[in-house]
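Visitor: Dumping the structure here so I can ask a few things about it.
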């Protein structure tokens, strides 16, 4: 759990940022972050040293995305519930989650993490297939993880007063 908390802290995910990130536009456009970063890294072949600013811009997009959109008018949708579920998952040390939700998020995070070496190798060697395979593993793991977070939130929304108020 320390890793997940560290990531949330690194991204400065406070209450307001989480509320804004629950906007479906934030959730769906955040999926552009990895492809933009991949493109920026790959662009070293035609941009040379100018690829570095492209990498910085892609990373800035990943950081700014949860802050860019307003708090949604409603969180009663799949994307918002995925974000709310992530918050529940991060708080599982304070409010335990049901036993059937304790293993799968770790496995899905491992699937996503398993894609990173392929992705890194493919980008370093400019090989399309490992890059695509790694990207596929990262996206499949993350999107399936988000789907599990929707399920988790659905079961946990009445377990804590804060969880209940997040849904409107």
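The values are calculated or read from the model by the stated rules, or taken from the named source; none is laboratory data. Remember, predicted model here, so these are calculated numbers, not experimental data. Every residue, glycine among them, receives a Cβ derived from its backbone with ideal geometry; neighbour counts consider all protein chains shown.
Visitor: From the list 41, 62, which one is in contact with a helix residue (DSSP H, G or I) (Cβ under 7 Å, 6 or more places away or on another chain) and over 25 Å from residue 144 (Cα atoms)? I'd like the intermediate steps shown before the answer.
Guide: Values: 62 fails: over 25 Å from residue 144 (Cα atoms).
Criteria check complete, one pass: 41.
Visitor: Now, a different point. Could you count how many residues in the stretch 136-150 are surrounded by fewer than 19 Cβ atoms within 10 Å (Cβ to Cβ) and farther than 25 Å from residue 80 by Cβ?
Guide: 1
Visitor: Moving on to the next point. Does residue 93 qualify as being farther than 16 Å from residue 148 by Cβ and modelled with pLDDT of 95 or more? I'd like the intermediate steps shown before the answer.
Guide: Details: farther than 16 Å from residue 148 by Cβ: yes; modelled with pLDDT of 95 or more: no.
Criteria not met by residue 93.
Visitor: With loosely packed, with under 13 Cβ neighbours inside 10 Å, part of a helix (DSSP H, G or I) and modelled with pLDDT of 95 or more as the only criterion, which of 88, 27, 56 stands out?
Guide: Details: 88 fails: loosely packed, with under 13 Cβ neighbours inside 10 Å; 27 fails: loosely packed, with under 13 Cβ neighbours inside 10 Å.
Answer to the selection: 56.
Visitor: Spot the failing condition for residue 162; the list is (1) at pLDDT 95 or above; (2) in a helix (DSSP H, G or I); (3) touching a helix residue (DSSP H, G or I) at 6+ places or on another chain (Cβ under 9 Å), and only one is missed.
Guide: Residue 162 satisfies all of (1) at pLDDT 95 or above; (2) in a helix (DSSP H, G or I); (3) touching a helix residue (DSSP H, G or I) at 6+ places or on another chain (Cβ under 9 Å) except (1).
Conditions tested, residue by residue: (1) under 14 Å from residue 82 (Cβ atoms); (2) assigned to a helix (DSSP H, G or I); (3) in contact (Cβ under 8 Å) with a residue 40 or more places away in the chain.
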site: 18; (1), (2), (3): yes, yes, yes
site: 34; (1), (2), (3): no, yes, yes
site: 46; (1), (2), (3): no, yes, no
site: 51; (1), (2), (3): no, yes, no
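Visitor: Of the residues 137, 108, 146, only one is within 14 Å of the chain's Cα centre (by Cα), under 20 Å from residue 74 (Cα atoms) and either at pLDDT below 95 or in a helix (DSSP H, G or I) (or both); which?
Guide: On the way: 137 fails: under 20 Å from residue 74 (Cα atoms); 108 fails: under 20 Å from residue 74 (Cα atoms).
Being within 14 Å of the chain's Cα centre (by Cα), under 20 Å from residue 74 (Cα atoms) and either at pLDDT below 95 or in a helix (DSSP H, G or I) (or both) holds for just one of 137, 108, 146, which is 146.
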